[in-house]
Amino acid sequence: MLYNYLKIVFRNLWRYKGYTIINIAGLAIGIAAMVWGYQTYRFSFSFDDFHKDRDNVYRALTYKAGGEKVKGIFPMALLEAAQNDFPGIKATARFNSNGMNVKSPTGEPFSEQVNFTDPSFFDLFNFPIVSGNNDIKDRSGVLITEEIAKKYFGNQDAVGKILIFYAWETYAKPLTIKGVLKNMPANSTIRFDFLTNFDNLLKPDGSKIDGGDWSWLMDAAFFKIPNPADAKRMAKAFDKYLPLQNKAREDWKVSGFKLITLKENAVLIDVIDSNALYPRPDDAATFGPLVLAFLVLLSACLNFSNTTVARANRRLKEIGMRKVMGSTHAQLIKQMLLECAIIVLAAIALSILLNLWWLPAFNKMFVYVDVHADYFHDIKLIIFLVVTLISATLLAGAYPAFYISRFSPSSIFRGNVKFGGSNLFSRLMLGLQLCISIITVIAGISFARNGEFQKTYDFGYRLDNTMGVYINDANTFKALKNELSVNPQIISIAGTRHRIGFEHRKAVAEAEGIKKETNLMEVGKGYISTMNLKTTAGRAFDDNMESDYLNAVLITQKMAAIYGWKDGEALGKQIHIDTVTCSVVGVLKDFHSNSLFEPTEPVAMRLVKEDKFHCLIIQASPANLTTVFESTKLAWKKLFPTKPFNGFYQNEVTAEGYRVTGSIAKIFSWFAIVSILLTATGLFALVSLTVVKKMREIALRKVVGANTRQILILVNKGYFWIFIVAALLGCYGGWALTKLLLDMIFKINAGVQVSTLINSVIVLLIITAVTTGIRVLRAVRTNTVTLLRTE
């Protein structure tokens, strides 16, 4: 019985191999996309799952007095005090990072980010060791990853070799590599390249950090607490340490603490501020692929249904004969569902091949994403594919199976059955396909336009003519500035502690009884003019006035508006920032101090002297900037031959935004093409049915002199209203979905323009017109006698 079913199925699939290939390809793309969406979702919610004690490990967070978000940083001294005072805490681990120069004894130095922790770190977390051991009790030891081992020592065994940290400083420290760890997994909130004992963390002057220093705030703090009830009580009980903490840091007063599990830590992407760890991808990146994949698979299933109904018109006699010979309604349904299941199985096989290319390509588009599919060992993925097989078979094949098999043999052999071209459900499916196509086209165009918007967006300062170099101290700044001052291509040079778009610190600013957390930037003389910032009232800093270093502040218009001040009204107002009462000497025109992933925020600027500088900023014409960058690099090597050059372009602040929006636009464009092709195929099939149904009428109209335009209207008038309704629903759906995605990803974006909706509809209109026109013209050009014979 099964053999006969399979024989009939494969015979029919081969007979209509054109439609078979189209449907297998369409379903394969849809299923590959569903696997991509499902695995992306799983990746996003798998962060830190590889730690065996993830349910017992808590991250400690801090509430800053007057702050708006919980902070990821935590008082260092509180860990030791809490472990001594609370028996429910089984272990703690401090975690901090510091940028420094690292070199091998005979190699060149590199600027690296080094992490410091306690020996108990590996009691809380599981990071596999490749060679050596992970014991960091010895202060003279360091652990590195496989990637770093290859970077410094090539293919040699790195264990036992020496690396010099704080290279070229008077307090340089040689550390012995005790072990090599596997590279950090992409689904880890904790990532590092170098890991050593916390006692090796030194202050900028090389002095050791006192573990009981309440003023020191760490990047992260972890507690191992087996009983969840204890964790809830402890967070509140930690308040007893507030007086000690706030006495030590009057400029950074704490109002409370919070303990969250590792899983919560990964999910709270928009909640934790000053977060030195890595959160999971945001909701747009987590759910977006799944929604898009479902739309594409749905379009492929709808296309299968319509094309199956279309070609089944040629199988009516076969269906009638099978019924006459004793086949039951249920047997015909099983046969057609089996035919659909085999196509879906073939599509699954093809989807595996497609994802061998697509998943690696997707991973390259986005940083810190590692989506892959193990089709033979991942039980959850195998179950997902089985569910997809059943769902796609029913979604794509149920309607044709039940619809076609219901006709009686007498109706078939009398020639009374002609179906599909005008039945309501087929047209609803076609309309839904058109909606999906319009949605994907709108999204593709909108993200492409958002890329252009980002390129021309006015950040409020000059991006295209500015570069900079990280420096260590005032002497480095002076030496490099003097060396570069003779370069005629350089327009201006300035120093700063913080730089727009990359570095600032959060501070609570209080005025008029209103407290507001703001971005505080400490800059040097000339930074305002070098960055081309504009004042709307008052003046910029005057470095000849000592009072400007003590209590002068510049604020942006957005910050002035917080306190209800107009630009001119803000001058002379007093703002309490940290422990200093500052006087507003000028108001700056608003500028965007972050990337476009973040909204425009209020900014306050204070003037600092050269001993606080971390960066030297250079302005040149855009045409000369690359040349200036290279000449700066040469000047650095001349002055500091043993120190690595850390230069940057200011427009790097936009690089991530360009890359993300470009990648999303590319993804939507690919899927838009697939959706359009599937829609065109389904439309062609339904128009073909309509033409077959109207053969006699077309022939008679040709006899009485009807022209091609009139016949086109005759055939397509039923599809006109489908297109209109689909266009309206598709435009609304495309606008809503695309706007939601844009707003979730970019707080500042181009939105969805009306012209995008219009252009998307025009694109689909042209494609549908060409598709229907080709089929109708073929019928019109057929000899009238042939048409009547066919009828």
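The values are calculated or read from the model by the stated rules, or taken from the named source; none is laboratory data. Note that the structure is a prediction, hence the values are computed from the model and not measured. Ideal geometry is used to build each Cβ from the backbone, glycine not excepted, and the neighbour counts take in all protein chains shown. The area values use the complete protein model at the heavy-atom level, side chains included, leaving out ligands, DNA and RNA. Shrake-Rupley method; radii C 1.70, N 1.55, O 1.52, S 1.80 Å.
Figures for the structure shown
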| quantity | calculated |
| --- | --- |
| Theoretical FRET efficiency, 1/(1+(r/R0)^6), r = Cβ-Cβ of Ile724 and Leu353, R0 41 Å, to 0.05 | 0.55 |
| Cubic angstrom per residue, convex hull over Cα atoms of the chain | 214 |
| Charge tally in the Cβ shell below 11 Å around Ala266, where Lys, Arg are +1 and Asp, Glu are -1, Ala266 excluded | +1 |
| Distant-in-sequence amide H partners of Leu588 (H built 1.01 Å from N, under 5 Å) | Thr536, Ile555, Thr556, Gln557 |
| In range of the label at Ala186: residues from region 43-86 whose backbone nitrogen is under 19 Å from the point 7 Å along Cα→Cβ | 43-51 |
| Nearest-0.05 FRET efficiency for Val271 and Glu147, computed from C-beta distance (R0 25 Å) | 0.20 |
| 5 angstrom amide H check on Ser255, placed H, neighbours 5+ away | Tyr63, Lys64, Ala65 |
| Surrounding net charge for Pro622, when Lys and Arg each add one and Asp and Glu each subtract one, Cβ distance under 13 Å | 0 |
| Average silhouette area of region 163-216, convex hull of alpha-carbon atoms, in square nanometres | 5.3 |
| Those residues of region 88-122 whose amide nitrogen sits under 16 Å from the label point placed on Ala237, 7 Å along Cα→Cβ | 88-92 |
| Per-residue ³J(HN,Hα) for region 366-378, Karplus 6.51 cos²θ - 1.76 cosθ + 1.60, θ = phi - 60°, Hz, x for Gly and Pro | 10, 6, 6, 10, 9, 9, 9, 9, 9, 5, 10, 10, 8 |
| Highest average packing first - 101-108, 592-599, Cβ atoms within 10 Å | 592-599, 101-108 |
| 1.4 Å probe accessible area per residue over the chain, in Å² | 44 |
| Region 655-669 - phi-based ³J(HN,Hα) in whole Hz, Karplus 6.51/-1.76/1.60, Gly and Pro as x | 4, 5, x, 4, 5, 5, 5, x, 5, 5, 4, 5, 4, 5, 5 |
| Separation between Cα centres of region 576-632 and region 191-205, rounded to whole Å | 29 |
| Tilt relative to the chain, helix 329-365 - C-alpha long axis, 0 to 90 degrees, to 10 | 30 |
| Listed residue (Pro105, Val296, Gly682) projecting farthest to the positive dipole end of the chain, Cβ model | Gly682 |
| Rounded to 10°, Cα long-axis angle of helix 76-85 versus longest principal axis of the chain | 90 |
| Region 475-586, accessible surface, carbon-and-sulfur percent (1.4 angstrom probe) | 46 |
| Cα gyration tensor shape for region 42-112, rounded if a/c is under 1.5, else prolate or oblate | prolate |
| Carbon and sulfur %, accessible surface of region 169-313 computed with the full protein complex present, 1.4 Å | 54 |
| The chain: relative contact order as a whole-number percent, Cα under 8 Å and 6+ apart | 16 |
| Estimated distance in nm for a label pair at Asp85 and Ile129, the labels positioned 7 Å out from Cα along Cα-to-Cβ | 3.5 |
| Angle in degrees between helix 2-15 and the longest Cα principal axis of the chain, rounded to the nearest 10 | 90 |
| Given charges at beta-carbon only (K, R positive; D, E negative), |dipole| of the chain in Debye | 4920 |
| FRET E, pair Leu639, Gln113, Förster distance 25 Å, beta-carbon r, rounded to 0.05 | 0.55 |
| Those residues of region 344-359 whose amide nitrogen sits under 16 Å from the label point placed on Val386, 7 Å along Cα→Cβ | 345 |
| Stretchable slack from Ile673 to Thr581, in nm (0.36 nm times residue separation minus alpha-carbon distance) | 27.1 nm |
| Rough spin-label spacing in nm, given labels placed 7 Å along Cα→Cβ, for Lys612 and Asn482 | 2.5 |
| Under the Karplus curve 6.51 cos²θ - 1.76 cosθ + 1.60, θ = phi - 60°, whole-Hz ³J(HN,Hα) for region 519-536, x wherever Gly or Pro sits | 7, 9, 10, 10, 10, x, 5, x, 5, 4, 6, 4, 8, 6, 7, 10, 9, 9 |
| Computed helical MRE - 222 nm, the chain, DSSP H runs ≥ 4 contributing -39500 (n - 2.57), nearest 500 | -16500 deg cm²/dmol |
